[in-house]
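Following: one structure in C-alpha cells, then a few remarks.
The values are calculated or read from the model by the stated rules, or taken from the named source; none is laboratory data. Only a predicted model underlies this, so the values are computations on that prediction, with no experimental measurement involved. Cβ coordinates were reconstructed from backbone atoms using ideal geometry, including for glycine residues, and neighbour counts include every protein chain displayed.
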Amino acid sequence: MELYVKMPVIHFKPIQKRSRALQNNYEAPLYYYPIRAGTVDRDSFIMKIDLKSGDNPASFWIKRGTALLLSTAN
C-alpha cells in the first residue's frame, strides 16, 4: 500500500502497430503531473505504456488507478 513507487528506467523500442492485444498486459497511462486533468495551458496525459501485469488482469490495475508520473510535484 504505497502511494509512490520508483519505476525502473524504460527503454523504448519502436515497432509496427500490433494487430492484436498482448496477453497479461496493462496499458499504463503516463502523466506529467499527479493532477491528471491537466490545466487549460497544458494537458497532463502524454501516452500509454505497455507493462506486463503479472498474475493480475489489467482490470486489477485499472481499479487501483495505477499510472506512471514524470513528476510528483503539482
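Just a few scattered comments:
- Of all residues in region 18-49 being basic (Lys, Arg) and touching a residue at least 12 places away in the same chain (Cβ under 8 Å), the one that is nearest to Leu69 (Cα to Cα): Arg36
- Scanning region 37-49 for residues that are surrounded by 11 or more Cβ atoms within 10 Å (Cβ to Cβ), assigned to a loop (DSSP other than H, G, I, E, B), of a type outside the set (D, E, K, R) and out of contact with any Ser or Thr (no Cβ under 8 Å at 6 or more places or on another chain) yields a single hit, Ser44.
- Of the residues screened, Gly65 is not one that is surrounded by 10 or more Cβ atoms within 10 Å (Cβ to Cβ) and at pLDDT 80 or above.
- Residue, farthest from the chain's Cα centre (by Cα), within region 50-64, restricted to residues that are of a type in the set (D, E, K, R) and not in a loop (DSSP other than H, G, I, E, B): Lys63
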